1. Scan the range B:13-28 residue by residue and report those that are within 7 Å of another protein chain (Cβ to nearest Cβ), surrounded by fewer than 19 Cβ atoms within 10 Å (Cβ to Cβ) and part of a helix (DSSP H, G or I).
2. Which strands (runs of 3 or more DSSP E) sit wholly inside the range A:1-75 and have at least 3 residues that are within 30 Å of B:Gly25 (Cα to Cα)?
3. For the range A:215-264, give me every one of the strands (runs of 3 or more DSSP E) that falls completely inside it and has 3 or more residues that are at pLDDT below 95.
4. Quick one: in the range B:128-174, which of the residues that are aromatic (Phe, Trp, Tyr) and part of a helix (DSSP H, G or I) is surrounded by the most Cβ atoms within 10 Å (Cβ to Cβ)?
5. What do you reckon, is A:Lys157 modelled with pLDDT of 95 or more, in contact with a strand residue (DSSP E or B) (Cβ under 7 Å, 6 or more places away or on another chain), surrounded by 19 or more Cβ atoms within 10 Å (Cβ to Cβ) and basic (Lys, Arg)?
6. Does the range A:171-188 contain at least one residue that is outside any loop (DSSP other than H, G, I, E, B), free of Cβ contacts under 8 Å to residues at least 60 places away in the same chain and either of a type in the set (A, V, I, L, M, F, W, C) or under 30 Å from A:Asn120 (Cα atoms) (or both)?
7. Identify, by number, the condition in (1) in contact with an Asp or Glu (Cβ under 9 Å, 6 or more places away or on another chain); (2) more than 10 Å from chain A (Cβ to nearest Cβ) that B:Asn193 doesn't meet.
8. Among the numbered criteria (1) buried (at least 23 other Cβ atoms within 10 Å of the Cβ); (2) in contact with a helix residue (DSSP H, G or I) (Cβ under 8 Å, 6 or more places away or on another chain), which one does B:Arg188 miss?
Amino acid sequence: MAQEMRSPIESGCPDGFQYMHPVMRKNYGQWAYHEDPQPGVLVHVANSGDKIWTVRAGTQRILDVFTLRELCDIGDKYGDGYIHFTIRSNIEYQVADEAKVQPLIKALTDAGYVVGGTRNSVAMLSHTQGWLHCDIPGTDASGVVKSMMDELIGEFKEWNMPNRVHMTTSCCQINCGGQGDIAINVQHTKPPKINHDLVSNVCERPSVVARCPVAAIRPALVNGKPSLEVDEKKCICCGACFPPCPPMQINDAEHSKLAIWVGGNHSNARGKPTFQKLVASGIPNNPPRWPEATAVVKKILKTYKEDAKDWERMNDWVERIGWPRFFEKTGLPFTKYHIDNWRGARASLNASTHIRF
Amino acid sequence: MAKNTYPTPMLDNLESGPWPSFITGIKRLRDDHPDERINSVTNGLLGQLEHSYETRKGYWKGGTVSVYGYGGGIIPRFSEVGDAFPESKEFHTIRVQPPAGNFYTTDMLRQLGDSWEKHGSGLVTFHGQTGNIMFIGTTTEGTQHFFDEINEYGWDLGGAGPCVRTAMSCVGGARCEMSNCNEHSIHRWMVNNFTDDVHRPALPYKFKFKVSGCPNDCQNAIERADFAIIGTWRDDMKVNQEEIKNYIQKKGRQYLIDNVITRCPTQAISLDDNDNFIVDNHNCVRCMHCLNVMPKALHPGDDKGVTILIGGKRTLKIGDLMGTVVVPFKKLETEEDYESLQEMAEDIIDFWAENGLEHERTGEMIERIGLVNFLEGIGIDVDPNMVSNPRQSSYVRMDGWDEEAEKWFERKREEKQAASA
């Protein structure tokens with residue numbers, strides 16, 4: 001190469017202070033309390049008496065530069081030019097003047113953004129890349145989320161839920177979407193289909209063997225070529241072999257299904273943090289709108305909304321009413337697949353006479 | 001506008017409905033952007049995505065792409081159907097570390113958008129699940145040019161692959177009354193100490209730092225970070241009795257009893273006959289529930305610090321794991337405090353780099369070797385706060401009991417001496 005390459009400046013993570021609203025800089029670590037004047041709006045009051053208003057809005061998450069500039073224009077014209085993104089990819093504008101709040105909400109709403117997502121609402125689904133950009137996805141992410149938020153938008157904009165509802169999606173069983181009150185995740189149901197012509201060229205076979213959680217993969221000669229074979233009786237169809245070995249195709253148009261899990265909660269509030277539990281599976285992966293998955297989600301949300309007490313998250317609610325009643329109230333079937341057999345599973349069995357009648 | 005656009009009947013369906021549509025956004029780049037390169041690449045992207053929707057399969061594969069001087073930070077994507085959609089056959093994502101706490105000015109967002117438009121597809125996400133700004137879609141060449149440009153004005157790549165990953169921290173002290181530590185300072189101190197490990201993947205697998213300022217853990221640190229730093233306090237919670245009475249006036253006494261008093265996981269709170277809110281601070285586990293319900297009346301105490309939990313991760317390979325308490329409480333005020341936290345992280349990463357199997361997260365290693373071996377490896381004493389309950393099984397060799405018990409008494413004597421000094 002003729003020209004000299006530029007060496008990187010290893011500056012790492014930038015200091016957020018330089019981009020922070022001056023009222024937040026001034027009162028850093030000195031906040032007294034906050035109030036929630038309306039859905040999507042927070043006001044934080046500092047010990048100094050200073051106040052900062054936050055207006056939160058949901059977006060499409062995959063932003064094109066036109067949209068990014070439009071969001072900046074709104075921030076310059078109606079806000080103070082300062083923006084914060086939440087962990088669930090909502091955009092937040094901070095303003096020091098209460099008089100700016102309503103015009104800002106109007107500008108966002110007029111431009112098609114959705115103000116809400118605070119307190120006891122259904123928050124924006126946190127999601128992954130899916131077919132748009134991932135190398136191993138069983139489904140799309142942005143499309144699933146767009147379809148669901150179209151139907152749940154009313155719950156994003158209001159405070160109708162007993163407590164906040166965090167939803168997530170994941171396009172494979174690695175579960176990059178993480179834990180949620182409701183999680184919609186791909187669940188494969190058939191072992192990988194192996195292209196034996198490619199395995200030895202593409203895959204580092206010992207790594208693939210080591211990746212299998214149930215030791216179902218072993219090296220084999222197939223048609224005279226070194227390849228890998230799967231013991232299909234042992235295989236749990238998790239897809240862990242697919243990322244290190246793309247010729248072991250796990251995704252299937254028909255047999256890669258969606259499963260729904262509930263009760264994941266990362267907060268320490270009331271109980272300790274919890275993992276989500278399987279409630280439904282076998283749901284077709286049905287683009288472009290995934291109506292079957294949305295129907296199950298809406299059924300769970302409706303039951304939770306009607307039955308849970310104030311401040312109960314999904315896991316608190318189920319803990320109070322018990323799993324039998326959860327299945328009874330939601331009408332979802334309880335199957336042998338709901339009984340865990342993974343390591344540590346006995347701890348999830350009922351070793352008592354605590355039974356609700 | 002691209003002359004011949006691929007038909008996208010299924011994606012078009014996602015343009016209707018009230019929630020903002022990412023498809024409409026991508027189409028604007030395809031149809032309205034002045035740069036033909038962007039029209040063309042987004043056309044290819046939409047064509048391939050429509051193909052995925054029709055066949056219910058993904059068509060991206062990984063590869064090896066990085067920028068000069070680094071080994072990671074880029075998510076390479078080459079199309080498996082590049083013959084059918086050649087415009088976007090190379091479509092790499094650049095992971096860029098956001099400022100601690102995710103704060104931006106509109107000016108800076110515009111500047112980043114302008115740079116990205118020059119070298120990439122014009123699509124960006126704030127932020128991915130690991131916490132990076134994701135600039136989605138460029139060629140190998142565009143990757144280098146874009147990085148060179150934004151690196152000059154203060155932005156650096158995040159982690160990808162088996163390395164220390166981009167860290168995350170909550171809004172914290174910038175705008176939250178529950179903040180118990182300087183989240184953003186901790187975030188930067190920790191991850192920027194491992195810049196080399198971020199940029200040059202050479203560890204068994206990924207390693208994540210996440211910081212939450214209180215036990216509400218808005219960053220999901222316990223659940224998905226190898227090294228979770230959670231703000232907490234150890235003196236008494238602050239109670240404003242006037243605000244308690246205001247709350248009762250507004251919501252009713254029974255509401256407070258049913259939604260606050262009885263929801264306390266350790267029955268550490270009660271309401272006396274004069275509506276005073278009484279806290280048994282020694283039995284309060286800092287769960288945050290009562291503070292969340294009444295943020296005007298209740299606040300964390302003054303003796304603030306952090307709890308450290310190690311080993312949280314998602315499903316692959318042995319199943320989801322939460323982090324485990326390794327340090328119940330640590331002050332983080334002086335430079336020495338920060339340095340000792342950094343040293344602990346170095347010890348953990350070194351031990352794991354040495355002992356972890358390929359593709360094994362810290363939590364999985366701890367599961368395999370046992371917490372005690374891990375603690376001995378990093379030089380941290382056992383503590384009853386690390387367990388939910390002591391051992392249930394008698395099947396263990398315990399001939400070192402006397403020495404171990406003596407270690408405990410010795411530590412207690414030292415703590416007593418330190419306290420009286």
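The values are calculated or read from the model by the stated rules, or taken from the named source; none is laboratory data. In this text the structure is predicted, and so the values were computed from the model without any measurement. Neighbour counts are summed over all protein chains in view; Cβ atoms, including those assigned to glycine, are modelled from backbone coordinates with ideal geometry.
1. First, the residues of the range B:13-28 that are within 7 Å of another protein chain (Cβ to nearest Cβ): B:13-14, B:17-22, B:25-26, B:28.
From what is left, the residues that are surrounded by fewer than 19 Cβ atoms within 10 Å (Cβ to Cβ) are B:13, B:17-18, B:28.
Passing the criteria: B:Asn13, B:Arg28.
2. Values: elements: A:31-38, A:41-46, A:51-58.
In the range A:1-75, A:51-58 are the strands (runs of 3 or more DSSP E) which contain 3 or more residues that are within 30 Å of B:Gly25 (Cα to Cα).
3. On the way: elements: A:217-222, A:225-230, A:256-262.
It comes to none.
4. Taking the range B:128-174 and keeping what is aromatic (Phe, Trp, Tyr), we get B:135, B:146-147, B:153, B:155.
Keeping just the survivors that are part of a helix (DSSP H, G or I) gives B:146-147.
Working: B:Phe146: 24, B:Phe147: 28.
The selected residue is B:Phe147.
5. Details: modelled with pLDDT of 95 or more: yes; in contact with a strand residue (DSSP E or B) (Cβ under 7 Å, 6 or more places away or on another chain): yes; surrounded by 19 or more Cβ atoms within 10 Å (Cβ to Cβ): yes; basic (Lys, Arg): yes.
Taking the combined requirement at face value, the residue satisfies it.
6. So in the range A:171-188, the residues outside any loop (DSSP other than H, G, I, E, B) come out as A:182-188.
Still in the running and free of Cβ contacts under 8 Å to residues at least 60 places away in the same chain: none.
No, the range A:171-188 has no match at all.
7. (2)
8. Status for B:Arg188: all satisfied but (2).
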